[in-house]
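Here is the structure we will look at.
Every number in this text was worked out from the coordinates using simple rules, so none of it is lab data. Keep in mind it's a predicted model, so treat the numbers as computed, not measured. Quick reminder, even Gly has a Cβ in these numbers, built from the backbone with ideal geometry, and neighbours come from all protein chains shown.
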Amino acid sequence: MLATLLRDVGFAKLSSAEYTARFALPEPAEFLWNYINLTPMGPLVAGAPEAAQAAMERQVVEAWTPHVVDGTLPVDQPMALASGRRP
């Protein structure tokens, strides 16, 4: 699909590949706060009562902990890579 998009806008000598990249994310609580603080939600969540923040962390940790392997949260992310040249 990526190669088709590139071809449609004038690229040639195309190559493309689809693969899965495995990411080893930090343990659930650390990842949760890293993620939230990198999004526009950060200030909103920071302004929430501590009890609400703690409840959110408990829910996330409870849901994600069964997926932890060797202290990390492995995530398989589908990826697409394409390249081409403009004639």
- Of the conditions (1) touching a residue at least 60 places away in the same chain (Cβ under 8 Å); (2) exposed (fewer than 12 other Cβ atoms within 10 Å of the Cβ), the single one that residue 82 does not satisfy is (2)
- Query: Within the set of pairs 6+ apart or on separate chains, which have a first residue in the range 29-43 that is closer than 19 Å to residue 63 by Cβ, a second that is assigned to a helix (DSSP H, G or I) and charged (D, E, K, R), and C-beta atoms under 8 Å apart?
  - Reply: 29/57; 32/57; 33/57
